[in-house]
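Single-structure report; data block below.
The values are calculated or read from the model by the stated rules, or taken from the named source; none is laboratory data. Fair warning: this is a prediction, and the values are worked out from it, not measured in the lab. Cβ: placed from backbone, ideal geometry, glycine included. Neighbour counts: every protein chain shown.
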Amino acid sequence: MTIDERRAREKSEKENPWRPVREAVEDGMICEMRLSNLTTLGFQRFFRHLGRWYRIDPPSLMANYWDVMEYRPIGIKLSKHRMANAIWLAEEGGAYEYRGGKFLPKPKPYKNYWRAPDKEGDE
């Protein structure tokens, strides 16, 4: 890690410090989580909805045995449709994605989870 990278990381950590989980707000903000086992530090993104934490990619509901210690918002909020779709995939599952009421079929080459493009014509 270079000096500039370290300074940039320290600057971002000052701007977005780790916060206790009890202070989490359900506003659709994407967050990093610091778990008690420190295994997924910074690699997975979560959001909070109706008192429950959801992982975004691949969508899943956080298990009750995951001991969440702290969270840190990354400054980006999920759209209503993306959040509703992640919740639906986490709770009910499915091979298809719906955004804005529009059906987006899963492409054939992909067998596991996939994410539909953000814009029309975006591949």
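Residues in the range 19-28 that are of a type outside the set (Lys, Arg), out of contact with any Phe, Trp or Tyr (no Cβ under 7 Å at 6 or more places or on another chain) and either touching a residue at least 24 places away in the same chain (Cβ under 8 Å) or in a helix (DSSP H, G or I) (or both): Pro20, Glu23, Glu26, Asp27. Remark: pairs (first residue in the range 64-80, over 17 Å from Gly28 (Cα atoms); second residue among the β-branched types (Val, Ile, Thr) and assigned to a strand (DSSP E or B); Cβ separation under 6 Å; 6+ apart in sequence or on different chains) are absent. For first residues located in the range 32-55 and more than 15 Å from Asp67 (Cα to Cα) and among the acidic types (Asp, Glu), partners that are surrounded by fewer than 18 Cβ atoms within 10 Å (Cβ to Cβ) and modelled with pLDDT of 75 or more and lie 6+ apart or on another chain with Cβ distances below 8 Å do not occur.
Of note, Met29 does not satisfy the criterion of being surrounded by 15 or more Cβ atoms within 10 Å (Cβ to Cβ), within 10 Å of the chain's Cα centre (by Cα) and farther than 30 Å from Phe103 by Cα.
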